[in-house]
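The values are calculated or read from the model by the stated rules, or taken from the named source; none is laboratory data. Keep in mind that this is a model prediction, so the values were computed, not measured. Cβ placement follows ideal geometry from the backbone for every residue including glycine, while neighbour counts extend to all protein chains displayed.
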Amino acid sequence: MKVRKAVIPAAGLGTRMLPATKTVPKEMLPLVDKPVIQYIIEEAVASGIEDILIVTNRAKSAMDDYFDYTPELEDRLIRSEKFAELESVRRTADMANIFYVRQKETLGLGHAVNRARRFVGDEPFAVLLGDDVMMSQKPVIGQLIEAAEKHGASAVGTQLVSPDAISRYSSLKVTPIEGRVMRVHDMNEKPRPAEKFSDYAILGRYVLTSEIFGILDNTPPGHGGEVQLTDGMRKLCAVSPMIAVDFEGRRYDTGNLKGFLEATIDFALEYGDGVGEWLTDFIAEKARLLAGK
Ligand code: G1P
């Protein structure tokens, strides 16, 4: 099993980030100096992925433009000898082979992933959700690929979330295998408290086999009236091995404002130029003010 391809579903409407996302795709909002989607692509590339398909929609052409060349801008940067800036804009266009397909109707994550069938063929492939950004030493999708290849299984990325939070995710029924790897027996999408299997949530990273496509063809709309990837995967894990990897790293849901702000702060701390020191002093000052009240 060798994973060479990745699919990034990025066709959501961004309704949790309005009005910013009225004309700017949520994947194009900047976390410090790069748009969200670039972090996702960099994670895939750092994990050995060569070909990437972005599932997009008609309001998101800013994304394809971003990964293209910009001759006029580049000429200007060359003439003014801004070589570091030139390198940064060229790199986004040369990072990977990026392909696009549109999801013509917003019918759910399972439907979006099913749009990747022609691109994927019959190989195993990675899925990285377009608004789940990871901060980790070792790329999270790379952790999953390594475990999937070792165990000859499909894989999902998981972490424990709080009991009140699990209803926002897919909840996993798992038993331990070794270290951070568990066997997946079942899962359900956005369970009510009494329905959850555990507080292990699927967090935006998957390695799937191409069997998923035939399954998704026959998966009716589920939670929210949408075709859920979770519903397809629960059938997949019943017919072929699937593991969950309790990955190392921190995950941010940049598709909602709170997650986006948290990610911005964490990535800003990495930025340098005294930002970390400034932020530490700033927060200490705010804390003093609050304590004085
Ligand atoms: C999606 C998936 C869900 C998963 C979550 C976090 O939900 O449907 O199973 O747990 O992403 O990765 P959404 O955030 O689109 O509601």
- Message: Tell me the residue from Asn97, Asn114 that is more than 21 Å from Glu226 (Cβ to Cβ) and within 20 Å of the chain's Cα centre (by Cα), please.
- Response: Asn97
- Message: Can you pull out every residue in the stretch 14-47 that is closer than 22 Å to Glu270 by Cβ and assigned to a loop (DSSP other than H, G, I, E, B)?
- Response: Leu29, Val32, Asp33, Ser47
- On the given criteria, is Val174 within 15 Å of the chain's Cα centre (by Cα) and β-branched (Val, Ile, Thr)? no
- Message: Given the criteria modelled with pLDDT under 95 and in contact with a helix residue (DSSP H, G or I) (Cβ under 6 Å, 6 or more places away or on another chain), does Gly130 qualify?
- Response: yes
- Task: Evaluate the stretch 145-161: report whether one residue or more is under 21 Å from Asp131 (Cα atoms), outside any strand (DSSP E or B), of a type outside the set (Lys, Arg) and in contact (Cβ under 8 Å) with a residue 12 or more places away in the chain.
- Result: yes
- Candidate set from the stretch 220-252 (those that are within 14 Å of the ligand (Cβ to nearest atom) and assigned to a loop (DSSP other than H, G, I, E, B)); member that is nearest to Leu31 (Cα to Cα): Gly249
- Message: Considering only residues that are closer than 17 Å to Thr254 by Cβ and in contact with an Asp or Glu (Cβ under 6 Å, 6 or more places away or on another chain), which ones fall in the stretch 103-131?
- Response: Gly130
- Please indicate, with yes or no, whether at least one residue in the stretch 106-123 is within 27 Å of Leu261 (Cβ to Cβ) and either in contact with a His (Cβ under 8 Å, 6 or more places away or on another chain) or in a helix (DSSP H, G or I) (or both). yes
- Item | Options Ala59, Ala11; residue that is more than 16 Å from the ligand (Cβ to nearest atom), more than 16 Å from Ser136 (Cβ to Cβ) and assigned to a loop (DSSP other than H, G, I, E, B) | Ala59
- Message: From the list Gly255, Gly214, Gly276, exactly one residue is among the small types (Gly, Ala, Ser), within 23 Å of Thr106 (Cβ to Cβ) and part of a helix (DSSP H, G or I). Which is it?
- Response: Gly214
- Message: Can you go through Ala201, Ala194 and tell me which one is modelled with pLDDT under 95 and either over 22 Å from the mean Cα position of the chain (by Cα) or not in a helix (DSSP H, G or I) (or both)?
- Response: Ala194
- Message: Please verify whether Ile177 is more than 26 Å from Thr264 (Cβ to Cβ), away from the ligand (no atom under 14 Å from the Cβ) and buried (at least 20 other Cβ atoms within 10 Å of the Cβ), treating the condition exactly as stated.
- Response: no
- A careful count of residues in the stretch 75-98 that are touching a residue at least 12 places away in the same chain (Cβ under 8 Å), assigned to a helix (DSSP H, G or I) and over 15 Å from Lys34 (Cα atoms) gives 1
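To keep it simple, each residue is scored yes or no on (1) more than 16 Å from the ligand (Cβ to nearest atom); (2) closer than 19 Å to Leu129 by Cβ; (3) buried (at least 20 other Cβ atoms within 10 Å of the Cβ); (4) in contact (Cβ under 8 Å) with a residue 60 or more places away in the chain.
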residue: Ala194; (1), (2), (3), (4): yes, no, no, no
residue: Ser198; (1), (2), (3), (4): no, no, no, no
residue: Ile212; (1), (2), (3), (4): no, yes, yes, yes
residue: Asn218; (1), (2), (3), (4): yes, no, no, no
- Message: Under 8 Å between Cβ atoms, which residue pairs at least 6 apart in sequence (or on different chains) link something in the stretch 264-275 that is polar (S, T, N, Q) with a partner that is part of a loop (DSSP other than H, G, I, E, B)?
- Response: Thr264/Val32
